[in-house]
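Worksheet for the structure shown next.
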Amino acid sequence: MVSNDLLSVPAGCGAEVLALHVDGAMRRRLLDLGVTPGARVDCLFAAPSGDPVAYLIRGAVVALRNADAARISVGGAAPWA
Amino acid sequence: MGLTALSTGRGHDGGLALRPDAGQKVIALAGNPNVGKSTVFNALTGLRRHTGNWSGKTVSGALGSYVYRGKTYTLADIPGAYSLFTMSAEEEAARDFLCFGGPDAVVVVCDATCLERNLDLVLQLTELTPRVIVAVNLMDEAARKAIAVDVDALSRALGVPAVALAATEGRGLADLQEAIRTLPASPPPPRRVLYPAAVEQAAAPLAAALAAVLPSGQNARWLALRMLEENESLLAAARKAFGFDFAADARVAAALAAARRRLADAGYTVAALRDASVAALYAAAEDVCRHAVRQRPGPDRAQLKADRFLTRRGVSALTMLSLLAVVFFITIKGANVLSDGLFALLAAVGDVFSRLLTLIGAPPRLHELLIGGVWRVLAWVVSVMLPPMAVFFPLFTLLEDLGYLPRAAFCLDDPFRRCGACGKQALTMCMGFGCNAAGVTGCRIIDSPRERLIAVLTNSFVPCNGRFPLFIALLAVFSPGGTFVSALALTGVILLGALLTFGVSWLLSKTLLRGEASSLTLELPPFRRPQIGKVIVRSLLDRTVFVLGRAVTAAAPAGLIIWLAANVSVGGGTLLSAVTAALDPVGRLLGMDGVILAAFLLGIPANEIVLPLMLMAYAASGSLETVAGTAALRAILLRSGWTLRTAVCVMLFSLAHWPCATTLMTVKKETGSVKWTLAAFLIPTAAGAALCALVAFLWP
């Protein structure tokens with residue numbers, strides 16, 4: 001599977017989380033929100049400035065800043081069916 | 001935390017002080033943010049408790065009780081939390097209560113539309129205690145999205161009772177009450193979250209050693225795992241709760257060291273162990289959902305369409321501003337009608353009082369003091385300040401219930417980030433519309449301490465309910481156009497407040513609170529149809545009762561002081577004229593006068609009374625035949641030398657000056673620091689004084 005970061009996944013596409021390159025409280029927060037390796041994350045829409053971006057994570061819509069999304073590596077990005 | 005009674009400075013921070021009568025069951029209500037926990041709480045207890053549609057609304061616990069089948073249950077609504085193990089100050093309070101507060105049962109309210117995510121918390125809790133009941137709420141919303149949750153299968157998979165709820169419609173509440181009633185004192189063990197074999201083998205001997213020293217009923221395996229994860233804040237809370245340091249016990253210490261060696265040998269660092277434990281929880285959650293949930297994957301297309309439209313460049317800013325302008329337009333229109341009616345009513349009641357006093361032969365001085373002092377200020381507060389709130393709050397609450405506010409925070413995160421702050425500050429600003437003290441408490445939803453402090457210090461740049469009726473009243477007198485122009489002008493005032501917020505946040509990030517913006521996770525709950533009837537009734541009743549209470553407690557004594565000051569002679573003049581004359585030079589420098597400054601100073605207990613106090617002081621220096629209506633307001637102000645410039649400066653100073661006493665005390669409580677409380681006083685005051693002096697200088 002080609003690895004990439006979540007930030008590179010465009011709106012309308014989903015991908016599988018491979019690893020989190022985030023430490024400390026934010027790592028635990030992301031994990032508790034369901035951003036765990038193997039989880040599917042869909043990119044929904046961006047704020048007017050392009051940052052932050054809203055993602056669909058385990059049924060909930062959660063906004064992440066681009067700096068954080070760039071530290072989540074994902075694979076198998078593909079458009080929604 | 002929304003904009004009604006509990007968030008207005010009255011009991012906005014109850015905390016959780018549980019002292020139920022003996023024999024009463026204590027039920028903790030837990031759950032992720034925005035799953036309708038407060039709706040369940042309200043429905044069960046009947047306590048009027050505002051529920052909002054944004055993450056982390058419950059910024060402190062609330063208590064209520066209900067009677068079911070002759071037994072009384074105490075219900076503790078604890079702050080929403082995603083996990084027992086995350087770090088925000090708000091969630092730690094929730095965690096400590098759940099872990100060590102000793103509730104008889106924990107009801108975990110879940111969102112049926114994203115059950116898997118909610119099960120993370122459920123499984124963390126069933127790992128701790130078997131006395132858990134899962135309440136799957138929003139079943140109606142899930143059904144609309146074609147998501148089917150089988151609560152019986154859920155209950156079997158989790159090993160704890162599960163009930164289906166649609167709390168806004170009142171469905172399933174009886175089932176929940178019955179499940180709470182029939183929960184056995186020691187239920188069968190729930191589903192066990194299985195960790196990798198190496199972790200289980202390392203934890204078992206430590207758990208055995210802990211079991212020997214812990215008070216009975218405490219879960220040793222759970223604590224052993226947390227010790228291995230080195231969850232320091234949780235362990236500190238555990239030490240405090242148990243009253244001794246269990247890690248200091250020789251056998252526990254030896255077992256801990258052995259367990260750590262075993263884990264290290266198996267290749268587990270603390271970080272890897274923490275990851276493994278969330279992975280284990282989510283693996284279990286996924287497995288449970290395979291048994292209990294049927295749904296089509298992917299986003300909700302209708303919601304997505306709305307969101308994509310509202311977050312378009314241009315559309316988002318226009319939507320925000322036009323929503324504000326429309327809300328203000330309706331507020332001003334509606335307030336005028338209400339205000340005239342109240343003026344007439346209160347004038348009539350004042351007449352009756354006056355006649356009664358004459359009838360019982362009250363001395364003229366007392367008569368004048370009660371009617372000219374106390375009653376007049378009360379009448380002003382009620383008839384000028386109450387109507388805008390009575391219209392504004394239901395409207396704003398509708399926006400809140402609709403789910404619009406988190407979208408605004410989403411769109412505003414970028415400018416906040418550029419100022420080194422957090423987008424959730426937009427939510428705390430919205431709370432500030434209700435009450436700045438509530439806004440300050442609400443800042444707990446911001447994770448980073450630095451960004452939280454920025455939000456605390458800048459919250460009073462949002463005019464609270466005690467202040468914006470002043471804008472409306474002054475705009476009615478001085479605005480060149482009609483209601484529409486006034487609404488636009490008021491939107492401009494709020495915009496200026498927002499600009500000040502951004503500017504000061506940026507400045508703080510560069511100076512006193514130096515730093516870069518950190519991470520953000522902001523949940524955007526789905527748009528929901530507001531419960532219009534409930535919203536109107538609840539916010540109207542709550543506001544009305546609250547404002548009347550505050551009017552009596554703050555305005556009456558202040559009216560008394562002003563009247564006395566206007567009638568006590570010192571030197572050649574009255575005490576009032578001496579004080580206002582002393583303040584006059586500073587007032588003039590700021591484009592105002594001594595009376596206005598005195599009113600702002602006397603208004604520290606509550607901003608509601610600033611304008612009435614000004615009018616009292618002006619009226620006291622001359623005879624006043626009428627005190628009713630915009631015409632009278634205009635007459636008093638113009639006679640007292642006001643111009644458009646005075647009105648502009650008063651509005652600017654009202655927008656930016658010291659926060660009220662309640663807010664300052666809340667800042668002290670939240671920051672624990674006199675220094676930051678002083679900063680919260682000085683920063684807006686300096687900003688307002690600078691703006692006023694600038695206007696006074698440029699506009700001779």
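The values are calculated or read from the model by the stated rules, or taken from the named source; none is laboratory data. In this text, all values refer to a predicted model and were calculated from it rather than measured experimentally. Here the Cβ is made from the backbone with ideal geometry for all residues, glycine too, and neighbour counts use every protein chain on show. Surface areas here come from the heavy atoms of the whole protein model, side chains and all, with no ligands, DNA or RNA. Shrake-Rupley method; radii C 1.70, N 1.55, O 1.52, S 1.80 Å.
Looking for something within 14 Å of chain A (Cβ to nearest Cβ) and open to solvent by less than 80 Å² (accessible area, probe 1.4 Å) - is there at least one such residue anywhere in segment B:332-345?
No, segment B:332-345 has no match at all.
Residues of segment A:18-41 being away from every other protein chain (no Cβ under 11 Å) and either under 11 Å from the mean Cα position of the chain (by Cα) or among the aromatic types (Phe, Trp, Tyr) (or both), which ones? Let's see the steps before the verdict.
If we filter segment A:18-41 for residues that are away from every other protein chain (no Cβ under 11 Å), which is where we start, we get A:18, A:21, A:41.
Correct list: A:LEU18, A:VAL41.
Looking at this structure, is B:SER322 more than 14 Å from chain A (Cβ to nearest Cβ), among the hydroxyl-bearing types (Ser, Thr, Tyr) and open to solvent by 40 Å² or more (accessible area, probe 1.4 Å)?
Criteria met by B:SER322.
Specify which of the listed residues (B:ASP150, B:ASP120) is farther than 30 Å from B:GLY672 by Cα and more than 11 Å from chain A (Cβ to nearest Cβ).
Numbers: B:ASP120 fails: more than 11 Å from chain A (Cβ to nearest Cβ).
Criteria check complete, one pass: B:ASP150.
So if I check each of B:VAL122, B:VAL163, which one is under 18 Å from B:PRO103 (Cβ atoms) and in contact with an Asp or Glu (Cβ under 6 Å, 6 or more places away or on another chain)?
Result: B:VAL163 is the single residue among B:VAL122, B:VAL163 that is under 18 Å from B:PRO103 (Cβ atoms) and in contact with an Asp or Glu (Cβ under 6 Å, 6 or more places away or on another chain).
Filter segment B:349-372 for residues that are surrounded by fewer than 15 Cβ atoms within 10 Å (Cβ to Cβ) and not in a helix (DSSP H, G or I) and give the result.
Matches in segment B:349-372: B:ILE360, B:GLY361, B:PRO363.
Filter segment B:629-642 for residues that are surrounded by 18 or more Cβ atoms within 10 Å (Cβ to Cβ) and not in a helix (DSSP H, G or I); which is modelled with the lowest pLDDT?
B:SER640
Please work out which residue is nearest to A:VAL17 (Cα to Cα), limiting yourself to segment B:270-296 and to residues that are open to solvent by 60 Å² or more (accessible area, probe 1.4 Å) and more than 12 Å from chain A (Cβ to nearest Cβ).
Per the criteria, the residue is B:ARG290.
Within segment B:517-536, work out how many residues are more than 11 Å from chain A (Cβ to nearest Cβ) and without any contact (Cβ under 8 Å) to a residue 60 or more places away in the chain.
So the count comes out to 2.
State the number of residues belonging to segment B:580-609 that are part of a helix (DSSP H, G or I) and at pLDDT 90 or above.
Of the residues in that region, 18 qualify.
Kindly establish whether B:VAL327 is within 29 Å of B:GLU141 (Cβ to Cβ) and more than 14 Å from every other protein chain (Cβ to nearest Cβ).
Details: within 29 Å of B:GLU141 (Cβ to Cβ): yes; more than 14 Å from every other protein chain (Cβ to nearest Cβ): yes.
So B:VAL327 fits the description; yes.
Among residues belonging to segment B:304-334 that are β-branched (Val, Ile, Thr) and in a helix (DSSP H, G or I), point out the one that is farthest from B:ALA409 (Cα to Cα).
Among them, the one singled out is B:ILE332.
I need a count of the residues in segment B:116-151 that are closer than 22 Å to A:ASP32 by Cβ, assigned to a strand (DSSP E or B) and open to solvent by 10 Å² or more (accessible area, probe 1.4 Å).
Qualifying residue count, segment B:116-151: 1.
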